[in-house]
Structure formats: C-alpha cells, structure tokens
1. Quick check on my filter: what residues within the stretch 98-141 are in contact with a Lys or Arg (Cβ under 8 Å, 6 or more places away or on another chain), part of a loop (DSSP other than H, G, I, E, B) and modelled with pLDDT of 90 or more?
2. Going residue by residue through the stretch 68-81, is there one that turns out to be of a type in the set (Ser, Thr, Tyr) and open to solvent by 70 Å² or more (accessible area, probe 1.4 Å)?
3. Just one of (1) under 20 Å from ASP3 (Cα atoms); (2) touching a strand residue (DSSP E or B) at 6+ places or on another chain (Cβ under 8 Å); (3) hydroxyl-bearing (Ser, Thr, Tyr); (4) open to solvent by 70 Å² or more (accessible area, probe 1.4 Å) trips up SER88, so point out which.
4. Do any residues in the stretch 62-79 that are closer than 13 Å to TRP121 by Cα have Cβ atoms under 8 Å from those of residues that are assigned to a strand (DSSP E or B) and open to solvent by 60 Å² or more (accessible area, probe 1.4 Å), where the two are at least six apart or on different chains, and which pairs are they?
5. Restricting to the stretch 115-141, count the residues that are under 29 Å from ARG83 (Cβ atoms), open to solvent by 100 Å² or more (accessible area, probe 1.4 Å) and among the acidic types (Asp, Glu).
6. Please find, among LEU18, LEU40, LEU14, LEU23, the residue that is closer than 18 Å to CYS70 by Cα and outside any loop (DSSP other than H, G, I, E, B).
Amino acid sequence: MSDLRIRAATPDDLDAALAFWKLAAEGTSISDDRAGVERLVARDPESLLLAERDGELVGTVIAGFDGWRCHLYRLAVRPDARRQGVGSALLAAAEERFVRLGGRRGDAMVLDRNERAQHAWRAAGYAPEPQWTRWVKHLTD
C-alpha cells in the first residue's frame, strides 16, 4: 500500500467527499451536506481523513474526538478499491490520531443491514455491544 496516501481533508475537498459518499458509503445522514461537513472540518480540521491513490480519492473516514470519546463515521472505500487495505489503513490512521489525542476507545456506527461493513469492522478488531441502543433526536428538519 506504499502508493496510498492518507491525509486530512481541507475545505477544498468537501464537495469531492460528499460526492464520494454517494458512490461508496452505505446509507445517508442528516449531516451529509456541505454545511455539516464544513462545520466538522472547521471545528476539528484533522477529523476527516482521506485515502488517495494516484491523486484519486479511494476512501474516507471521519475520526471525531470530543475530548472524551473517539467516534468513527463514514468509513467508505470506493467499490473497485475494496479488499486492498484501504479501510485498514484509514482505521490505523484514525486510531493513531485518537491515541495521540489521549483517546482510549474507539466506537463506530454500523448499519445493522450492512453485513459487508460488519465483517470489515470485526476484522479490524471492533465488536458490537448488544447492551447499548443508539437513541436519536433530530434537532432540525
């Protein structure tokens, strides 16, 4: 994977990341818009990690740290680049970031219906915690 480059997104990358998620990510979120991603990068400039090969975007992960917990979102790999170590490289970069910031445990949101993603997360050493259920309240329409 020496040809793979992992870097933090800049404001110039946001439209490409949003378009990439439509191609490579499973499911959508209320935050999947330009304003939401701009807020993310403005608040935490190193949180959105991009994987590039030959200048092409092949993967993303959001590695958010709120000072207490480490949250992973939008791990997505371009379909033709899957099973080539891109996701593993992104998770390694995210985990290194968390450790550097003082994080002690990472968590990820994974759709119940996305069996491929569940397999990938398990392979990376993550496991579901069945005693927890995610509770959500939308604050805006």
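The values are calculated or read from the model by the stated rules, or taken from the named source; none is laboratory data. The model shown is predicted, which means the values in this text are computed figures rather than measured ones. Note that each Cβ is placed from the backbone with ideal geometry, even for glycine, and that neighbours are counted across all protein chains shown. SASA here: full protein model, heavy atoms, side chains in, ligands and nucleic acids out. Shrake-Rupley method; radii C 1.70, N 1.55, O 1.52, S 1.80 Å.
1. Within the stretch 98-141, GLY103, ARG105 qualify.
2. To start, the set of residues in the stretch 68-81 that are of a type in the set (Ser, Thr, Tyr) comprises 73.
So of that shortlist, the ones also open to solvent by 70 Å² or more (accessible area, probe 1.4 Å) come out as 73.
Checked the stretch 68-81: at least one residue is of a type in the set (Ser, Thr, Tyr) and open to solvent by 70 Å² or more (accessible area, probe 1.4 Å).
3. Only one criterion is unmet by SER88, namely (2).
4. none
5. 1
6. Exactly one residue qualifies, and that residue is LEU40.
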